[in-house]
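Q: The structure is given below, and queries will be raised subsequently.
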Ligand code: MN
């Protein structure tokens, strides 16, 4: 079995979108941040897979981002070709914000096929985008990928309290980033989530700290804020998050 467990967890980061991907990946190892390298197109899979093979704390994820579906839906075929190589899938999901709403129906078709393919393959862990589409995402997860067939991580989830409750009932994990901790009622919402469903993430380089793009190492700050939001000890939450991610990294077919 590979040992990927670091001291920190960035469960959603776009390593391939930084100017120097290798440098950022190396920082994950130096700072002991176990990082899920999500991708926006399956064309990026080989590059991420090959990098992850060299860096112990980086795990690649096979994605087709909902914001790209309008122009890249045909890449679903390539996504399906690579799926047998991937344990982690992402970034996938739905985006109903004004800019992407035109492709919403097409996004649903693609996301439905992604979920079905994952259910059929079994043992996949998905990092899912759900901007302005929490209910639609949960409806589709419930319909196509019950928890017996795969694991869902809701990335940067901004649903309502009722939607959080429903996601918990569907056994979803939540990867928490800085932005989520700054929302009104963040503390109330986060305290609803069972501890064994909590992860941390940066969504770098799309998020910023001190006007520079977040790196995976910035997840340390998110962890500190999350612990304080939950009123728990930082070391304790750190261990909880490591355990949770560690569980997702282990699968029978991967043991060797
Ligand atoms: Mn992202």
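Q: May I ask you to verify whether residue 203 is surrounded by 19 or more Cβ atoms within 10 Å (Cβ to Cβ) and within 20 Å of the chain's Cα centre (by Cα)? Walk me through how you get there before you give the answer.
A: Numbers: surrounded by 19 or more Cβ atoms within 10 Å (Cβ to Cβ): yes; within 20 Å of the chain's Cα centre (by Cα): yes.
Yes: the conditions hold for residue 203.
Q: Just name the residue that is surrounded by the most Cβ atoms within 10 Å (Cβ to Cβ) out of those in the stretch 1-27 that are more than 13 Å from the ligand (Cβ to nearest atom) and within 19 Å of residue 239 (Cβ to Cβ).
A: If we take residues in the stretch 1-27 being more than 13 Å from the ligand (Cβ to nearest atom) and within 19 Å of residue 239 (Cβ to Cβ), then 9 is surrounded by the most Cβ atoms within 10 Å (Cβ to Cβ).
Q: Which of the residues that make up the stretch 115-133 are within 16 Å of the ligand (Cβ to nearest atom) and within 15 Å of the chain's Cα centre (by Cα)? Steps first, answer last, please.
A: Within the stretch 115-133, the subset within 16 Å of the ligand (Cβ to nearest atom) is 125-133.
125, 126, 127, 128, 129, 130, 131 - these are the residues of the stretch 115-133 that are within 16 Å of the ligand (Cβ to nearest atom) and within 15 Å of the chain's Cα centre (by Cα).
Q: Further question on the same structure: If I filter the stretch 70-85 for residues that are within 15 Å of the ligand (Cβ to nearest atom) and over 15 Å from residue 38 (Cα atoms), do I get at least one hit?
A: no
Q: Mind listing whichever residues of the stretch 193-213 are free of Cβ contacts under 8 Å to residues at least 40 places away in the same chain and within 14 Å of the ligand (Cβ to nearest atom)? Steps first, please.
A: Start the filter on the stretch 193-213 by keeping residues that are free of Cβ contacts under 8 Å to residues at least 40 places away in the same chain, which leaves 193-194, 207-212.
207, 208 - these are the residues of the stretch 193-213 that are free of Cβ contacts under 8 Å to residues at least 40 places away in the same chain and within 14 Å of the ligand (Cβ to nearest atom).
Q: Please find, among 114, 125, 69, 38, the residue that is in contact with a strand residue (DSSP E or B) (Cβ under 8 Å, 6 or more places away or on another chain), surrounded by 20 or more Cβ atoms within 10 Å (Cβ to Cβ) and free of Cβ contacts under 8 Å to residues at least 60 places away in the same chain. Let's see the steps before the verdict.
A: Working: 125 fails: free of Cβ contacts under 8 Å to residues at least 60 places away in the same chain; 69 fails: in contact with a strand residue (DSSP E or B) (Cβ under 8 Å, 6 or more places away or on another chain); 38 fails: free of Cβ contacts under 8 Å to residues at least 60 places away in the same chain.
On inspection, the qualifying residue turns out to be 114.
Q: Looking only at the stretch 154-167, filter to residues that are surrounded by 15 or more Cβ atoms within 10 Å (Cβ to Cβ) and farther than 20 Å from residue 97 by Cα; which one of those is farthest from the ligand (Cβ to nearest atom)?
A: Filtering the stretch 154-167 down to residues surrounded by 15 or more Cβ atoms within 10 Å (Cβ to Cβ) leaves 154-159, 163-164, 166-167.
From the residues that got through so far, the ones that are farther than 20 Å from residue 97 by Cα too are 166-167.
Working: 166: 22, 167: 18 Å.
Looking at residues that are surrounded by 15 or more Cβ atoms within 10 Å (Cβ to Cβ) and farther than 20 Å from residue 97 by Cα, I get 166.
Q: Could you grab me the full set of residues in the stretch 56-73 that are at pLDDT 95 or above and either more than 21 Å from residue 130 (Cα to Cα) or within 15 Å of the chain's Cα centre (by Cα) (or both)?
A: Once the filter is applied, which keeps residues that are at pLDDT 95 or above and either more than 21 Å from residue 130 (Cα to Cα) or within 15 Å of the chain's Cα centre (by Cα) (or both), the stretch 56-73 yields 57, 58, 59, 60, 61, 62, 63, 64, 65, 66.
Q: Of the numbered conditions (1) farther than 22 Å from residue 31 by Cβ; (2) assigned to a strand (DSSP E or B), residue 183 fails exactly one; give the number of that condition.
A: Every condition holds for residue 183 apart from (2).
The values are calculated or read from the model by the stated rules, or taken from the named source; none is laboratory data. This one's a predicted model, so the numbers in the text were calculated from it and none came from an experiment. Here the Cβ is made from the backbone with ideal geometry for all residues, glycine too, and neighbour counts use every protein chain on show.
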